[in-house]
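The values are calculated or read from the model by the stated rules, or taken from the named source; none is laboratory data. Since the structure is predicted, the reported quantities are computational estimates derived from the model, not experimental observations. With ideal geometry, Cβ positions are generated from the backbone for all residues, glycine too; neighbour counts draw on all protein chains shown. When the accessible area is computed, the model is the full protein with side chains, heavy atoms only, and any ligands, DNA or RNA have been set aside. Shrake-Rupley method; radii C 1.70, N 1.55, O 1.52, S 1.80 Å.
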Amino acid sequence: MTKPYSQACENNKGPILAHLAPFIGKAQSVLEVGSGTGQHAVHFAKALPHVIWQTADLPCNHDGIISWCEEAALDNLRLPLALDLNQQWPVAQVPVIYTANTLHIVSKALVERFFTGVERHLDTDGKVIIYGPFNYQGAFTSQSNAQFDAFLKSRDPDSGIRDIEWIMTLATTAGLKLVADHAMPANNRLLCFKRQ
């Protein structure tokens with residue numbers, strides 16, 4: 001099959017890696033929740049050979065992720081697990097959880113389920129990295145984000161850019177402490193959490 005391709009992934013993989021690599025440090029594995037096309041997984045696994053990068057997504061996205069993984073042929077890159085936020089996660093405990101461009105796509109209920117899964121499966125000293133657009137004090141950070149939010153809601157009224165304050169409440173309830181909030185290209189943010 002033709003590999004799926006996201007220009008946004010190509011644009012942001014370098015800036016994300018610049019923050020992700022020092023933050024995860026010597027962690028030996030990462031669970032990526034919502035691997036999408038698989039482009040991030042390939043780029044990060046190639047740059048971090050000491051890390052086992054475990055992809056995961058809904059089964060409908062697996063063929064594309066597998067095509068990227070098989071072409072890359074990296075020893076530390078794992079084929080996708082079937083992970084549905086509505087279901088039990090197919091993992092035990094993991095040291096790092098990474099997700100990009102997911103929380104504004106899924107419903108509010110599934111955002112809550114994501115943090116429930118984090119609380120259940122993250123190691124006691126684990127780390128969480130979340131990439132995407134967020135609102136601050138109920139306001140969009142750019143006109144383009146406002147337009148993007150309107151587009152998302154036209155497809156699914158329960159999707160949309162989330163308020164950072166709500167995300168922080170969910171994270172705190174899940175036992176996480178925010179340690180960094182990085183400004184990223186295209187009006188996105190990279191949130192880095194540690195388990196308290």
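General observations
- Taking the range 14-56 and dividing mean pair separation by its residue count, relative contact order in percent (alpha carbons under 8 Å, at least six apart): 47 percent
- Accessible surface, per residue, of the chain when the full set of protein chains is kept, probe 1.4 Å, Å²: 47 Å²
- Expressed as a whole percent, the accessible surface of the range 7-195 that belongs to carbon and sulfur atoms is 53, based on a 1.4 Å probe.
- Kyte-Doolittle mean at least 0.0, axial Cα span of 24 Å or more - DSSP H helices of the chain: 7-24
- Sites listed here are trypsin sites (Lys or Arg not before Pro) in the range 146-186 whose DSSP assignment is loop and whose Cβ has at most 11 other Cβ atoms within 10 Å, and the list is empty.
- Filter on Lys26/Lys177; Lys127/Lys153; Lys108/Lys194 - keep pairs with C-alpha separation over 28 Å: Lys127/Lys153
- C-alpha center-to-center spacing [the range 128-153, the range 39-103] in angstrom: 25 Å
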